[in-house]
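All remarks here apply to the structure that follows.
The values are calculated or read from the model by the stated rules, or taken from the named source; none is laboratory data. Here the structure is a predicted model, which is why all the values come from computation and not from measurement. The protein model used for the area step is the full one, side chains on, heavy atoms only, and it has no ligands, DNA or RNA in it. Shrake-Rupley method; radii C 1.70, N 1.55, O 1.52, S 1.80 Å.
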Amino acid sequence: METKIFQPQQIAEAAHLIQQGQLVAFPTETVYGLGADATNPQAVRQVYQAKGRPSDNPLIVHVSSPAMVGQYAADIPVKAQKLMNHFWPGSLTIILPIKPNVLDPVVTGGLQTVAFRLPDNQVILDLINQAGVPIVGPSANTSGKPSPTTAQHVYHDLKGKIAGIVDDGPTQVGLESTVIDLSTDEPAILRPGVVTEDEIEQVIGPLRVDHHQVKANETPKAPGMKYKHYAPNAQVLMVADEDWELVKDRLTDSTVGVLVTDDHLKQLALADQIPTYSLGQDVASAAQRLFAGLRWFDDQPTIKTIYAQTFAKQGVGEAYMNRLNKSAGGQYFTGKTNKSV
Ligand code: TXA
Ligand code: MG
């Protein structure tokens, strides 16, 4: 299958493909998604196939209005209404109980709940409106790889497997949405994102953050959290601020690379042959560039180890560290042996 690249002006063509049950990748403000008509089980099944995604890992249903949520959710609690009013369009995914018999179980991996998101990107909203249906969209990467923040990343992973990609340039946020479960009486964040715990608590009061580590044999709250994630070919090692002096001694040839902000890079004063990818100025740019950086190292054939900058686990830093930690398999650089946290 030839994978067509569309410009945002060509939405009508892309919407037509969605209506025909084809897969079209779309931009959002977080990462690119792999789109299919949420009401077409055959199309949704192909999404899992194209990504190589386990079928028990449910998909987010992207909507273009809160009214669309009412068609599929059994109940919209006051807290959910408040969050939609406050954060939509935006990077917050809300899990609600599902209405019986309105969506095929393939969408939700058989769960009795469904995840909704209204992204802050006009292209996907237009696509939903012109197709006239909600659009499922997991991140448009091969399962296990970093999520795509450009149309080129999507093309790299899925060319030949999907009908099209709508190219809207690099995404602004760079990390996937915050996922909050409002299907029980105890709201819980299942995946941190740029919409932070503090911001959510200001709108709906105290909540529980699910820091629970999922073991292989139990059913996790957000099934996606149990799988290996964001892994480049090389080993990623997280480096605490005070350990960079020690790391410096190891940066002697092109088998090692660094993923750091511009300030750090200047301080390290590395030789030219050390592959480096800049995370920009601060934690926000680091979040935006993390996945692109991890992917960039996959194109450097000599790289065996990537030393990556850490940030305090607060605000956007929490989401950044959540993804970095997964890509590193929990490994920190310690100077002697690598510790696992
Ligand atoms: O920013 C984003 O959320 C992107 C863009 C494309 O919207 N999408 C995305 O989708 O990251 P995906 O499928 O890669 O991640 C969705 C996460 C997974 O961890 C999945 O297990 C969880 O949300 N999830 C989806 N539906 C759920 C449900 N009903 N209950 C619990 N977890 C759910
Ligand atoms: Mg994903």
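Points to keep in mind about this one:
- Close amide H pairs (under 5 Å, H built 1.01 Å from N) link Asp120 with Glu29, Gly90, residues at least 5 positions away or on another chain.
- Segment 146-208: Cα Rg divided by the 2.2 N^0.38 Å rule of thumb: 1.53
- Computed extension length for Ser285-Glu2: 98.5 nm, one decimal, from 0.36 nm per residue of separation with the Cα-Cα distance subtracted.
- Note on Met84: accessible area is roughly 10 Å² with a 1.4 Å probe, heavy atoms of protein only.
- Shape category assigned to segment 262-317 from the gyration tensor of Cα positions, a/c cut at 1.5: oblate
- Its relative contact order, with pairs defined as Cα atoms under 8 Å and 6+ residues apart, puts the chain at 19 percent.
- Per-residue Karplus couplings for segment 321-335, computed as 6.51 cos²θ - 1.76 cosθ + 1.60 with θ equal to phi - 60°, are listed in order as 5, 4, 6, 4, 4, 5, 5, 8, x, x, 8, 9, 7, 10, x Hz, Gly and Pro entered as x.
- Residues Ser183, Ser177, sorted by accessible area with the largest first, give Ser183, Ser177 [1.4 Å probe; ligands and nucleic acids excluded].
- Tyr155, Tyr320, ranked by accessible area, largest first (probe 1.4 Å): Tyr155, Tyr320
- For the chain, accessible area per residue (1.4 Å probe, heavy atoms of protein chains only), Å²: 43
- 5 angstrom amide H check on Gly33, placed H, neighbours 5+ away: Phe26, Thr28, Ala140
- Nonlocal amide H pairs with Leu279, under 5 Å, H built at 1.01 Å: Val260, Thr261, Asp262
- Asp104 contributes an accessible area of around 60 Å² to the protein surface, as traced by a 1.4 Å probe with all chains present.
- Phi-derived couplings, Karplus 6.51 cos²θ - 1.76 cosθ + 1.60 at θ = phi - 60°, listed residue by residue for segment 271-287: 5, 4, 6, 7, x, 10, 10, 7, 8, x, 8, 8, 5, 5, 5, 5, 4 Hz, with x used for Gly and Pro.
- Long pairs among Lys248/Lys313; Lys159/Lys304; Lys4/Lys161, criterion Cα-Cα beyond 22 Å: Lys248/Lys313; Lys159/Lys304
- For the chain, the Rg and Dmax computed from alpha carbons only, in angstrom: 20.0, 61
- Computed [θ] at 222 nm, helices only, for the chain once each DSSP H run of length n ≥ 4 contributes -39500 (n - 2.57): -9000 deg cm²/dmol
- Theoretical gain in end-to-end length, Val102 to Glu242 [0.36 nm per residue, Cα-Cα removed]: 45.0 nm
- Rolling a 1.4 Å probe over the protein heavy atoms of segment 4-209, with every protein chain left in place, gives an accessible area that is 48 percent carbon and sulfur.
- In plain terms, if you count all Cα to Cα distances in segment 63-119 and split them into 5 Å steps from zero, the share in each step is 4, 20, 34, 24, 14, 5 percent.
- For segment 235-340: rounded, prolate or oblate by the Cα gyration tensor [a/c cutoff 1.5]: rounded
- Taking segment 235-340 and dividing mean pair separation by its residue count, relative contact order in percent (alpha carbons under 8 Å, at least six apart): 39
- Relative contact order %, segment 237-292, counting alpha carbon pairs below 8 Å whose residues are six or more apart: 30
- These residues, Lys266, Lys79, Lys145, go from largest to smallest accessible area, 1.4 Å probe, as Lys266, Lys79, Lys145.
- With DNA, RNA and ligands ignored, accessible area of Tyr332 (1.4 Å probe; Å², nearest 10): 40
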